[in-house]
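Down below is the structure, laid out as structure tokens.
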Amino acid sequence: MIKRITTTLAILLISIVSFAQSVDLAVSGVVYRSGGLPLSGVDQILLRDGESIDRSTTKPNGLFNYALDFEHQYELIVRKTGYQPQKVLFNTTGLSKEEKNFTYKLTRIRLTLEEGGSDKEAEVVQDFSFDHERGNFRNQQ
């Protein structure tokens, strides 16, 4: 009986910790080369409110994943030598208290890097913010 209570309490504690660390906006996608194949080795820089908070590189499948919090403005910059850099914006500000009760997901974001111009400034190619009428995040471009 004590073992069952201990197990139940452990599961409850894990559930509470998981809830406390919940994700507000889960973002995922793939970086492709212009021919349609995933592009590995793409440098990714994630900025929150203008400050760099994460740097990583895509694996052979070109996949990226991020967990974003409400009340911030994010920029994801992707670049690789020999390709034109791109930038994706995520604005998680302005949601009501009720709208913040949910976890939102932006999946299947597709970024296609074109060859040439790797010395150029990253161009904004997608701009996500909350659409109050639709009740979800949406690309504004």
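Every number here is computed from the coordinates shown, using simple stated rules; none is lab data. What you see is a predicted model, and the numbers here were worked out from it, not measured in a lab. Counting neighbours? That spans all protein chains shown, and the Cβs are built from the backbone with ideal geometry, glycine included.
Nearest 10 degrees is fine. How inclined is helix 2-20 to the longest principal axis of the chain, computing both from alpha carbons?
Orientation of helix 2-20: about 40 degrees from the principal axis.
Which chymotrypsin sites (Phe, Trp or Tyr not before Pro) in region 51-141 sit in a loop by DSSP (not H, G, I, E or B) and have at most 14 other Cβ atoms within 10 Å of their own Cβ?
Sites meeting the loop and neighbour criteria: Phe70, Phe102.
In debye, nearest 20: dipole of the chain around its Cα centre with unit charges on the Cβ of K, R (+) and D, E (-)?
Values: 17 positive and 18 negative charges, 161 e Å.
My answer is approximately 780 debye.
Any chance you could count the Lys pairs in region 32-141 whose alpha carbons are under 27 Å apart, treating pairs 8 or more apart or on different chains as valid?
Here the count comes out as 10.
Have a look at Asp54, Asp127, Asp24 and tell me which one the Gaussian network model of the chain (Cα, springs below 10 Å) gives the largest fluctuation.
Asp54
How many percent of DSSP beta bridges within the chain run antiparallel, rounded to 5?
70 percent
Just rank Arg55, Arg138, Arg48, fewest to most, by other beta-carbon atoms within 10 angstrom. Spell out each step's value before the answer.
On the way: Arg55 10, Arg138 13, Arg48 16.
Arranged by neighbour count, lowest to highest, Arg55, Arg138, Arg48 become Arg55, Arg138, Arg48.
Starting at the first residue of region 102-118, write each ³J(HN,Hα) from the Karplus equation 6.51 cos²θ - 1.76 cosθ + 1.60 with θ = phi - 60°, in whole Hz, x for Gly and Pro.
The phi angles translate into 10, 9, 9, 10, 10, 10, 6, 5, 10, 10, 10, 8, 8, 5, x, x, 5 Hz.
Sorted by mean Cβ packing within 10 Å, highest first, what order do the peptides 33-39, 111-117 take?
Packing proxy ranking, top to bottom: 111-117, 33-39.
Hey, for a label at Asp43 modelled as a point 7 Å past Cα toward Cβ, could you say which residues of region 113-141 have their backbone N under 11 Å away?
Answer for region 113-141: 119.
For the chain, what is the per residue volume of the convex hull drawn over the alpha-carbon atoms, in cubic angstrom?
147 Å³
Using 0.36 nm per residue, how much length does the chain from Thr57 to Val23 gain when fully extended, once their Cα-Cα distance is taken away?
Gain in length upon complete extension: 10.1 nm.
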